[in-house]
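The values are calculated or read from the model by the stated rules, or taken from the named source; none is laboratory data. Note that the coordinates shown come from a computational prediction; the quantities given were computed from them, not determined experimentally. Reconstructed Cβ throughout: ideal geometry from the backbone, glycine too, with neighbour counts over all protein chains shown. To get the accessible areas, we keep the full protein, side chains included, count just its heavy atoms, and leave off ligands, DNA and RNA. Shrake-Rupley method; radii C 1.70, N 1.55, O 1.52, S 1.80 Å.
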Amino acid sequence: MKKYFFALIGILLLTISCTGQQGKENAPTLTVTIEPLRFFTEAIAGDKFQVVSIVPKGANPEIYAPTPQQLVELARSKAYLRIGHIGFEQAWAERLQANTPKLPFYDMSQGVDLIHEIHPHAHTHGNIDGVEPHIWNSVSNARIISSNICKALSEIDPDNQAYYQTRLDSLQQVINRTEREMQSYLANADYCFLIYHPALSYFARDYSLQQISIEEGGKEPSPSHLQELMKTCKQKQVRVVFVQQEFDQRNAEVIAQELGLKIVPINPLSYDWNKEMIHIAKSLSKNNN
């Protein structure tokens, strides 16, 4: 009798799980630009929407071009949530809106204190408005982005506004826990770090750190720029160089070998936003080097 009871419970749990999954599959679709934005959006949307990213894992969102199938799928979405100023959006926003004139577009950078670049990525990465686009790599910005998502979903689906607000509150708790863990590592951390592509400008601003970019105005560094970088890294006692899979690592490797720096692979485009932010902070901690 006991075996029968537990078997019945197992069947019921499986049925509930499958039903929930089926409900998710039948839910309307939201389209976002990148995987970190999918992380935030799924956390708030719950089972009310499916969320898909246009820029796939491993692709460079500065220069990505959508496939014809993605354009078809976008037209079927309930809304498009853009991160704000990244190269893909700069290059494709007008065309996407022209192809889907009835599709609501929402800008998740609303309310963010934007950094304006000295050397915008105009020619190499499609960023034409001079805004540093990597706003999601920041705890303070993550809170704003999450609130913007909640507002957008509440506007799209007002009947479930309380549901989205509850899930936003839970997500904010995750963000707060992430920041507390980051701060524990950054309490004894390098104040200056080297990175190939300057994707951590907002993170650096949050914690009064200095980011030194190997890229020169969005381009491969010149020999003179490399020499200047190595001089600066020596002066500021840089010990870590961050590299990203979307970009050539050769110059970072040359500098690291010359100065004895630790090469740390990071993925600022990871879906696992909270884990990645903690990884970055931990990598700068002097207790972990």
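Does Pro36 satisfy the condition of being of a type outside the set (A, V, I, L, M, F, W, C) and assigned to a helix (DSSP H, G or I)?
yes
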Sole exception among (1) within 15 Å of Ile278 (Cα to Cα); (2) in contact (Cβ under 8 Å) with a residue 12 or more places away in the chain; (3) touching a strand residue (DSSP E or B) at 6+ places or on another chain (Cβ under 8 Å) for Tyr196, by number: (1)
Answer residue from the range 258-270, given it is surrounded by fewer than 18 Cβ atoms within 10 Å (Cβ to Cβ) and either touching a strand residue (DSSP E or B) at 6+ places or on another chain (Cβ under 9 Å) or closer than 23 Å to Leu37 by Cα (or both) and is modelled with the lowest pLDDT among those: Leu259
Number of the exception - Gln211 against (1) under 18 Å from the mean Cα position of the chain (by Cα); (2) touching a residue at least 24 places away in the same chain (Cβ under 8 Å); (3) surrounded by 14 or more Cβ atoms within 10 Å (Cβ to Cβ): (2)
Count of the range 172-208 residues which are open to solvent by less than 10 Å² (accessible area, probe 1.4 Å), under 19 Å from the mean Cα position of the chain (by Cα), aliphatic (A, V, I, L, M) and over 18 Å from Ile115 (Cβ atoms): 2
Filter result for Gly87 (buried (at least 18 other Cβ atoms within 10 Å of the Cβ) and not hydroxyl-bearing (Ser, Thr, Tyr)): yes
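For Ala252, indicate whether it is buried (at least 17 other Cβ atoms within 10 Å of the Cβ), of a type outside the set (Asp, Glu), at pLDDT 95 or above and touching a strand residue (DSSP E or B) at 6+ places or on another chain (Cβ under 8 Å). Walk me through it before giving the result.
Numbers: buried (at least 17 other Cβ atoms within 10 Å of the Cβ): yes; of a type outside the set (Asp, Glu): yes; at pLDDT 95 or above: no; touching a strand residue (DSSP E or B) at 6+ places or on another chain (Cβ under 8 Å): yes.
It is false that Ala252 is buried (at least 17 other Cβ atoms within 10 Å of the Cβ), of a type outside the set (Asp, Glu), at pLDDT 95 or above and touching a strand residue (DSSP E or B) at 6+ places or on another chain (Cβ under 8 Å).
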Subset of the range 93-119 (residues that are among the polar types (S, T, N, Q) and over 19 Å from Glu62 (Cα atoms)): Asn99, Thr100, Gln110
So Val174, is it under 20 Å from Lys275 (Cα atoms) and touching an Asp or Glu at 6+ places or on another chain (Cβ under 8 Å): no
